[in-house]
Amino acid sequence: MTRYLEPGKGTAVMNKSVRWLTERGVSLMGSRVLSVRGRKSGELRSIPVNLLTLDGERYLVAARGETQWVRNLRVAGEGQLRVGRRVEHFKPVEVPDEQKPAVLRAYLKRWKWEIGAFFEGVDANAPDEKLREIAPGYPVFRIPA
């Protein structure tokens, strides 16, 4: 079964604000605007995301699960991250479930206040076994340098 938590109206307002600021060069705790071609429309779709840096590698984590941006990124095989005028094109590498615990832990440590509710009681102090158990519901992409 595919895990997906649909955003509410409050999320739309928050995303619009974060996107507006990020597009103007104000990154909020690592925010970027992710743009990916729609898998059906072919149109560029954009959404604010949190870019995590861990041990010199950069990651995108889909806290809501199999979101539209995740599906589009898988099909398109490329995307772009933007802060202000700086645009970075990339080809993502999806992280296998067994490699996700350290990334999920770091993501929770950094943004628990924002995304903690999407992890349904699991926090950064959870054992690796628990993080491995929930890993299939949280797509993670490495963004090569």
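What follows draws every value from the coordinates through simple rules; no lab data is involved. Since the structure is predicted, the reported quantities are computational estimates derived from the model, not experimental observations. Cβ atoms come from the backbone with ideal geometry, glycine included; neighbour counts cover every protein chain shown.
Conditions tested, residue by residue: (1) surrounded by 15 or more Cβ atoms within 10 Å (Cβ to Cβ); (2) over 16 Å from R3 (Cα atoms); (3) touching a Leu at 6+ places or on another chain (Cβ under 7 Å).
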position: V83; (1), (2), (3): yes, yes, no
position: K91; (1), (2), (3): no, yes, no
position: V103; (1), (2), (3): yes, yes, yes
position: K109; (1), (2), (3): no, yes, no
position: W113; (1), (2), (3): no, yes, no
position: F118; (1), (2), (3): yes, no, yes
position: A124; (1), (2), (3): yes, yes, yes
position: I134; (1), (2), (3): yes, no, no
position: P139; (1), (2), (3): yes, no, no
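Taken together, S46, S17, S27 contain a single residue that is assigned to a strand (DSSP E or B), among the small types (G, A, S) and over 30 Å from E129 (Cβ atoms), which is S46. Residues being without any contact (Cβ under 8 Å) to a residue 40 or more places away in the chain, of a type outside the set (A, V, I, L, M) and buried (at least 20 other Cβ atoms within 10 Å of the Cβ) are represented in region 36-52 by at least one member.
Taken across region 73-82, residues that are touching a residue at least 60 places away in the same chain (Cβ under 8 Å) and of a type in the set (D, E, K, R) do occur, with at least one present.
Results for (1) assigned to a helix (DSSP H, G or I); (2) aliphatic (A, V, I, L, M), shown as yes or no for each residue.
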| site | (1), (2) |
| --- | --- |
| A102 | yes, yes |
| W113 | yes, no |
| D123 | no, no |
| A126 | no, yes |
| A135 | yes, yes |
| R142 | no, no |
